Structure formats: structure tokens, C-alpha cells
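The values are calculated or read from the model by the stated rules, or taken from the named source; none is laboratory data. If you're wondering where the values come from, they're calculated on a predicted model, not measured in any experiment. Here the Cβ positions follow ideal geometry from the backbone for every residue, glycine too, while neighbour counts run over all protein chains shown.
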There are 2 protein chains.
Amino acid sequence: MNGKLEDKRARIVDSADRLFYQQGYRQTSFTDIARETRLPRGNFYYYFPSKDAILAAVVAARLTAIQHMLNEWERSASDPRQRIDRFLQMLRTAAGELSRFGCPLGTLAQELGKAGAAPPLPIYQLFEPFRGWLTRQFEAMGSAGAADEQAMHVLVRAQGATQMSHIYGRPSILEHELDRLSEWLDGL
Amino acid sequence: MNGKLEDKRARIVDSADRLFYQQGYRQTSFTDIARETRLPRGNFYYYFPSKDAILAAVVAARLTAIQHMLNEWERSASDPRQRIDRFLQMLRTAAGELSRFGCPLGTLAQELGKAGAAPPLPIYQLFEPFRGWLTRQFEAMGSAGAADEQAMHVLVRAQGATQMSHIYGRPSILEHELDRLSEWLDGL
DNA sequence: GTCTATAATGTGATAGAC
DNA sequence: GTCTATCACATTATAGAC
């Protein structure tokens, strides 16, 4: 049902997602999205009421994609330590792209966090699925420190490593920091 | 010499610096700078040839400010471990502002790193003074690992802690992570 | 040197033909 | 449903009066 319409909506969200990631939200114009999606500029207002609405759809799509990823990790391993390793492996696999364009969540959050921008939802909610999932893994591990602080610590180091790797344009920075993070986890 | 002219140039750079930090470079218009500095919009082109030139001046000003800060830390302590502590103390003192607006270097680097932006200089050079200085401190400490990797590790954790603290709007995240970083340094 | 008026361009958004 | 033409506005930048 609604095949064509939903189809084009999805195409728009898909292209916008990629462009927002690589160029930033504000820097990406309807002309850019039109070029990528081969749709006339004026037509976007048939599918979405505003540019902000496209952003909201992109954010929603990312959130569901994250949920699917977390569910997959939950299924593929029963040991919490191994599950966290899935997270690190994902970052390692994406090291090249992360080094080129930064973290898709972090860069968007930073742009929308600037004064004058109107985020579609509190920006930290982009990280809440990861934070909640990591917290549950640390709880299951029964490690010494508070689980929620351990979870935030992992996010801090992953985010920092991704950003410095991006700034210096060197994937090896992220890869090396992921090794250190893995060692730290083993020492718990 | 050139009192008035250099004075206004400095006022422009000063206001632009603050606005670029709080709102982002692209989001800040000449109208914004004009309001803050009480100068007519059109006059900026007497003092600077373009908006990019203002950005370049802001970046240059930040770099010299960083150098002065590093020199001060170098003077105020002879023990390298204590010098690194000066760095951490600076972050702790600024935790409120960092939590509100993010890292002035990191957010600018991220914005200028997006495709289509023309940075006044390779963005990683904003971090090079800190990285070089930290590397020299770790060399003086003669710790186990490679000094340059230790330096990058500190930058990674400081940057990540600042960004997550900013995203969640909670200074305590940065403060807590600075405690952990301090403990890690003590364990070297 | 200082200011105002305005050009040139690109943006998000709308109206209306087909 | 799809497309084109165009609006209203903000932006950087320029020209020229005083």
C-alpha cells in the first residue's frame, strides 16, 4: 500500500541521511538532495512539509536502524563481554568512513546543539539506545564500578577516538584506541 | 601605531570568536557580528576582505592564545605530571562552558571538516600545539608506552568526555571522566 | 575612515498548470 | 501526483556618498 509514495519518501530520507552525514544538515540544500535523488526541487513539499521534517525522518530512521543493530548483537552473543565486542568490531569495520566523515551521531548532535538550531528531539536521545544497551551489558558482567558510568566511559572513549581520528584523517588512531579499550575491558 | 584600526579589527575578531564558538561559523552572519560589536555590517570589508578572512584571524588568535597557555603551564610547574594536571584543571574549570557549547577546537574542526567547507588551514593543526606539548611531557615522564600515543590517548579521552558532556548537557560527565583520567595517569 | 544603499546569489517555501 | 515557475527572504559582498 502506498508503494510509490512511501518509496519516494524513503529515497529522499536515504539521500538526505547520507548528505546530512557528509556535508552537515545546514550545509545540505534541497538542490543537493534533488541532484542525488533525481527529483525536482519543488516536489519535496509534496512528501514533507519542511526541511526540518526531513531531518526528523532521518533521525527516526537512524534510531530504528540502531535498534535493529542492537537486537542483532543481543541475538548473536550471549556473553555480555562478547556483545560489547560486537560494538567495537562495528566501529573497527567502519573506521575508514568514520575517519573521513566523523561519527554520524556525534557530528549531527554537535551541529544541532549549536544555538539557534531546532533539533527534532533532545540530541542526547540519539545516544540513549547505545547507552542503555551498554549499561545492561555491564550490569550482566557484574563488574566493580557502577554500570552506567562504565557505559558512559565506553561512549566517551569511542566518541573521542572517532573524533580525533576524523580530525587527523587517520583511521589508525581509532583502531589503536579500540585496541586499548578492548584491553581495558579485559582488565575488568 | 594603527591604534584605532587594529583596535576595531581586534574587537571584530573577539566577537566573531565568541559567536563562532556558540553558534558555529556558518550559522553566524555579519548581522550577528554587527550587533555584538556595534559596527555597521558594510564596514567589515574595510577591515577584512571576506568572512573567511575573519575566520582565519580567529583561528590564528586561538593558536597564539593556546601557545601562551602552554608556556604558562611550562613555567608554573617543573614536574611533567603536574604540568599535565594543569591541562586537566583547565578543563575542569571550564566544565560549565564546555558542557554548554562543546570544545571550541573540536566543534570548529568538525564543522570545517565537513565537505564543501574551506578551512583556513588543515584542521588538525588546531590540536598540534596540545599534542606536541603533551608528547614532550610524556617523554619527560619516561613512562612505558610511546609518548606520542599517550598524548593522543589523553586528547581522545578529553575530547570524548567534553563532547558527551556537551551532548547530555551535564558537566558532571566531564568532571567524572577527568577524575578517571587523573587516576590513569597516576597508574603510569 | 566611516557609513548607507544596494547588488548578486542562494535558500526554503508556495502557487498553480497539467 | 508530478512538474515548473516563482516568491520572499537572508546571505555575502560591493559601490559610492560624505
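Selection of the range A:16-32 for residues being more than 16 Å from DNA strand D (Cβ to nearest atom) and of a type in the set (Asp, Glu) yields only A:Asp17. A residue that is crowded, with 18+ Cβ neighbours inside 10 Å, β-branched (Val, Ile, Thr) and without any contact (Cβ under 8 Å) to a residue 60 or more places away in the chain cannot be found anywhere in the range A:142-154.
Determine whether B:Leu185 is out of contact with any Lys or Arg (no Cβ under 8 Å at 6 or more places or on another chain), in contact (Cβ under 8 Å) with a residue 40 or more places away in the chain and more than 9 Å from chain A (Cβ to nearest Cβ). In short, no.
Close contacts from the range B:10-24, counting a first residue that is within 19 Å of B:Leu39 (Cα to Cα) and a second that is among the aromatic types (Phe, Trp, Tyr) and assigned to a helix (DSSP H, G or I), with Cβ to Cβ under 7 Å and a gap of 6+ residues or different chains, come to B:Ile12/B:Phe44; B:Ile12/B:Tyr47. Those residues that are small (Gly, Ala, Ser), more than 14 Å from chain A (Cβ to nearest Cβ) and more than 8 Å from DNA strand C (Cβ to nearest atom), I need them from the range B:29-52; list them, please. Matches in the range B:29-52: B:Ala34, B:Ser50. Taking every residue in the range B:115-134 that is hydroxyl-bearing (Ser, Thr, Tyr) and in a helix (DSSP H, G or I) and pairing it with any residue that is buried (at least 18 other Cβ atoms within 10 Å of the Cβ) and modelled with pLDDT of 90 or more, at least 6 positions away or on another chain, the pairs with Cβ-Cβ distances below 8 Å are B:Tyr124/A:Ile167; B:Tyr124/A:Tyr168; B:Tyr124/B:Ala109.
Any residue at all in the range A:151-161 that is within 20 Å of A:Gly106 (Cβ to Cβ), within 11 Å of chain B (Cβ to nearest Cβ), touching a Cys at 6+ places or on another chain (Cβ under 7 Å) and outside any loop (DSSP other than H, G, I, E, B)? Within the range A:151-161, one or more residues are within 20 Å of A:Gly106 (Cβ to Cβ), within 11 Å of chain B (Cβ to nearest Cβ), touching a Cys at 6+ places or on another chain (Cβ under 7 Å) and outside any loop (DSSP other than H, G, I, E, B). Has the range A:74-93 got at least one residue that is within 13 Å of another protein chain (Cβ to nearest Cβ) and away from DNA strand D (no atom under 16 Å from the Cβ)? Taking every residue of the range A:74-93 in turn, at least one turns out to be within 13 Å of another protein chain (Cβ to nearest Cβ) and away from DNA strand D (no atom under 16 Å from the Cβ).
I'm trying to understand the selection: among the residues of the range B:135-150, which are part of a loop (DSSP other than H, G, I, E, B) and within 12 Å of chain A (Cβ to nearest Cβ)? Within the range B:135-150, B:Gly145, B:Ala146 qualify. Of everything listed in (1) more than 20 Å from B:Glu183 (Cα to Cα); (2) away from chain A (no Cβ under 13 Å); (3) small (Gly, Ala, Ser), the single unmet condition for B:Gly116 is (2).
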